[in-house]
1. Say whether the condition of being within 14 Å of chain A (Cβ to nearest Cβ) and either part of a strand (DSSP E or B) or farther than 19 Å from B:F295 by Cα (or both) is met by at least one residue in the range B:212-219.
2. Kindly indicate whether any position in the range B:271-282 is surrounded by 23 or more Cβ atoms within 10 Å (Cβ to Cβ), within 20 Å of the chain's Cα centre (by Cα) and within 14 Å of chain A (Cβ to nearest Cβ).
3. Counting just the residues of the range A:85-133 that are surrounded by fewer than 17 Cβ atoms within 10 Å (Cβ to Cβ) and of a type in the set (D, E), which one comes out farthest from the chain's Cα centre (by Cα)?
4. Output the qualifying pairs, or none if there are none: Cβ atoms under 7 angstrom, residues six or more apart or on different chains, first residue in the range A:203-217 and in contact (Cβ under 8 Å) with a residue 40 or more places away in the chain and under 20 Å from A:L108 (Cβ atoms), second residue surrounded by fewer than 17 Cβ atoms within 10 Å (Cβ to Cβ) and of a type in the set (D, E).
5. Among the residues of the range A:249-274, which ones are basic (K, R) and closer than 28 Å to B:K209 by Cα?
6. Consider A:F260 against the criteria (1) out of contact with any His (no Cβ under 6 Å at 6 or more places or on another chain); (2) within 14 Å of chain B (Cβ to nearest Cβ): it satisfies all of them except one. Which criterion is unmet?
7. Need at least 3 residues that are within 12 Å of the chain's Cα centre (by Cα) and among the hydrophobic types (A, V, I, L, M, F, W, C) per element, so show me which strands (runs of 3 or more DSSP E) inside the range B:134-196 make the cut, counting only ones lying wholly within it.
8. Out of the residues in the range A:157-214 that are within 14 Å of chain B (Cβ to nearest Cβ) and of a type in the set (S, T, Y), state the one that is nearest to the chain's Cα centre (by Cα).
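The values are calculated or read from the model by the stated rules, or taken from the named source; none is laboratory data. Worth saying up front: this structure is predicted, and the values here are computed from it rather than measured. Every residue, glycine as well, gets a Cβ built from its backbone with ideal geometry; the counts of neighbours run over all protein chains shown.
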Amino acid sequence: MDPVSLPALSCVALCGGTHGNELSGVCLVREQQRKKEEETEHVTLVTVMSNPRAVQECRRYIEKDLNRCFTAAILSTPVSDRTPYEIVRAQELNALLGPKGSDGAMDLVCDLHNTTANMGLCLISNSDCDWICMHIYKHLQTNISSIPVRLLNLYTSPDESSNLASVGKHGLSIEIGPQPHGLVRADVLSTMKKGVQLMLEWIRLFNSGTVFEGGEVEVHTVVKCIDFPRDPETHDITAVIHPQLQDQDFCLLRQGDPLFLSFSGETEVYRGGAPLSSLCE
Amino acid sequence: MGADQGEKSHYFHFSSKMEVINLPAVSRVAVCGGTHGNELSGVYLVREQQKKKEGAETFSLTTVMSNPRAVQQCRRYTETDLNRCFTTATLGTPISDRTPYEIVRSQELNTLLGPKGTDEAMDLICDLHNTTANMGLCLISYSACDWICLHIFKHLQKEMPTVPVRYIHFDVPQSEAYSLESVGKHGFSMEIGPQPHGVIRADIFNAMKEGIRLTLDWIHHFNSGVQFDGGEVEVYAMVKNIDYPRDMETHSITAAIHPQLQDHDFCLLHPGDPLFLTFSGKTETYKGVEPLYPFFVNECAYYEKGIALSLARRKRVAIPSIQVKTDCGKENGGEELKLEEKERTYDCSEDV
């Protein structure tokens, strides 16, 4: 099989603090900005603190989740005094790293996140056939053995993709957990650093002409989300994730498997059709 | 000198192993949740308890959602940490339009559950908390000679074999005690971790449910006249806090808790042991002289308070047998109580 030829990734953006309390990315971007290494062989690296106000307050967001503000519709919303901060910021980031869908956009936007779920390292991609992202995934999986490395495919069209990574020609979120929001674990930070290093290493090798062999990789595609059972009046949750499901991300969930444990002690089971892998945020 | 002190405190605690200390019944009990709005085990436990509205036979149970606004927003607090607002000074601050919400609320709670330091105060306040630190179940108290609290601790330790149960003593005088449980005549926080703030885990929720059940169970048996045998328990006495290394200009942290310390709460930290790993990859070690026990290691809410971890000494405390005081002549009862109070105050200062 002939290798597929793809344009070099000359301009890469590394973003942290898209959620202000997901601290691995915040620390990584701060360190990178202190070192001020922007021009390296074969690739220009731009580092961005995506939501500085949320970072300052160590909150996920101020008014609206920034990482849901990058749909084509929201990016073209006229801005007024009353526009939520994060929508204004999304349009600023789109001007800086995009515009989304145009030739001027960053070749790759890599957005750094943490999750409280036991997900190991997940690369999240909006496309199921972005060979750049798939190869970066393969490279990380081959070279990281300390935690599981997986690829999660959101399978949305560019216009409907609402996350920051979708602004670039290629986009990847690196999501690592478990880590409580608002704190830094050394092991998680170290894994994220390694992940970013390996990604940049792959990009340099790719840009300098290395042929990366194809093969087969395993991908998880998001099918659906399940909410907690809630009180119909107050909307409060009335159950928690069942102990047999808690921390068992990516373990196959079959019909009849425990899903929730109500506060009154009853088990609710998974009633879906096909067995699926679950992620619990 | 240590041995002498130990023997002396032993003597003042009880003169013979058979001596039983009589204490008033614990008739009015408060269980509080949501003092920090994003520590969810307590929030949901109090909500469930309020739905059930079960009375108890030998004591009255009041459940309180301490900081409803913070709970609503799922934040630790809205303007200032409620659990630092219960010093005598803050409780006596005059209220104006500009008074932070939590200070107004602390005074409301003091009226409801106190007033602190008076006869009208709740007999026992149990305040429910979660921590991101790997601390298991901890009872945190301002006293190391409150026999009610220490017997409850002994009971939980015995009846909860799968969860590590420990007792932490903060040696702070009552007027300066800043947290909610100091409003009651007896009080402790029940702190369980690790759990991320804003998240509820079934295992942690169940451990807290069981901890409360055993606490209320003990109170019921105590009030009914059961004699609880004394013995020795291990207590961790808070010594000091250590902050993260920080950038001098921005004040941002420049290191994380070292992987060898992370999740190792209550594992003895020796001088020279790794403490922090800087973002540039350097290890910083513990430079104290005395080996101490770390706790609240990497508690997320403490970053803003300048605390990376706290350190404690571990000590053995002898606790007497206790039994509820039955009705006798009021005059004698009053004097007896005063004598016990005096002994307790003296004992505590000896312990440290």
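1. Applying the first criterion (within 14 Å of chain A (Cβ to nearest Cβ)) to the range B:212-219 yields B:212-213.
Right, trim to either part of a strand (DSSP E or B) or farther than 19 Å from B:F295 by Cα (or both) and you get B:212-213.
Checking the range B:212-219: at least one residue is within 14 Å of chain A (Cβ to nearest Cβ) and either part of a strand (DSSP E or B) or farther than 19 Å from B:F295 by Cα (or both).
2. There is no residue in the range B:271-282 that is surrounded by 23 or more Cβ atoms within 10 Å (Cβ to Cβ), within 20 Å of the chain's Cα centre (by Cα) and within 14 Å of chain A (Cβ to nearest Cβ).
3. Out of the qualifying residues, it is A:D103.
4. As it stands, the answer is A:R204/A:E41, since those pairs meet every condition given.
5. Filtering the range A:249-274 for residues basic (K, R) gives A:254, A:271.
Within the range A:249-274, no residue meets the criteria.
6. (1)
7. Working: elements: B:136-141, B:165-169, B:186-193.
Here the list reads B:136-141, B:186-193.
8. Only one residue fits best here, namely A:T191.
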